[in-house]
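Engineer: Pasting a structure below so you can have a look.
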Amino acid sequence: MIGLQILMDIPSKHRHELLQAFEMLSNKQENGPKCTAGCLDRSIFESMGTANRFLWMEKWTDLESLEDYMKTDRFRALLGAIQILGKLDAIYKGELIELNTTSA
């Protein structure tokens, strides 16, 4: 599995617009666009320790699917929206290793 993380600072006055963008891209809307092939999960987190700090996380089946997605107008629109609403701090992508957390 491959992960994508986008770290951003979004002022509280634009929090609602960020969450709307997340819902649109995550197919939370009934008539929204279908999920991009290869995307397994999308989540967004708000920092408890740093005001207005958000982390957008995605899980992908493989690197090729993620890199194809990162070339799309949809991904560029997401980055553009983040830059309009606030500040894009960092983008990370890399292999995800799932740890077995069940006890024997």
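Engineer: Of everything in the range 40-50, what is in contact with a strand residue (DSSP E or B) (Cβ under 9 Å, 6 or more places away or on another chain) and hydrophobic (A, V, I, L, M, F, W, C)? Give them in sequence order.
Structural biologist: Within the range 40-50, Leu40, Ile44, Phe45 qualify.
Engineer: While we're on this one: Which of the numbered conditions does Leu79 fail, given that it passes all the others? Conditions: (1) in a loop (DSSP other than H, G, I, E, B); (2) of a type in the set (A, V, I, L, M); (3) modelled with pLDDT of 90 or more.
Structural biologist: Only one criterion is unmet by Leu79, namely (1).
Engineer: Consider only pairs whose beta carbons are under 9 Å apart and that are at least six residues apart or on different chains; among these, list those whose first residue lies in the range 42-59 and is exposed (fewer than 11 other Cβ atoms within 10 Å of the Cβ) and whose second residue is not in a strand (DSSP E or B).
Structural biologist: Close Cβ pairs (under 9 Å, with a partner that is not in a strand (DSSP E or B)) amount to Ala51/Ser12.
Engineer: Which of the residues spanning the range 1-21 are surrounded by fewer than 17 Cβ atoms within 10 Å (Cβ to Cβ), in contact with a Phe, Trp or Tyr (Cβ under 9 Å, 6 or more places away or on another chain) and part of a helix (DSSP H, G or I)?
Structural biologist: Answer for the range 1-21, where residues must be surrounded by fewer than 17 Cβ atoms within 10 Å (Cβ to Cβ), in contact with a Phe, Trp or Tyr (Cβ under 9 Å, 6 or more places away or on another chain) and part of a helix (DSSP H, G or I): just Arg15.
Engineer: Next question. Test Arg74 against the criterion of being closer than 23 Å to Gly38 by Cα and basic (Lys, Arg), and give yes or no.
Structural biologist: It is true that Arg74 is closer than 23 Å to Gly38 by Cα and basic (Lys, Arg).
The values are calculated or read from the model by the stated rules, or taken from the named source; none is laboratory data. Everything quoted here is computed from the prediction, not taken from an experiment. Quick reminder, even Gly has a Cβ in these numbers, built from the backbone with ideal geometry, and neighbours come from all protein chains shown.
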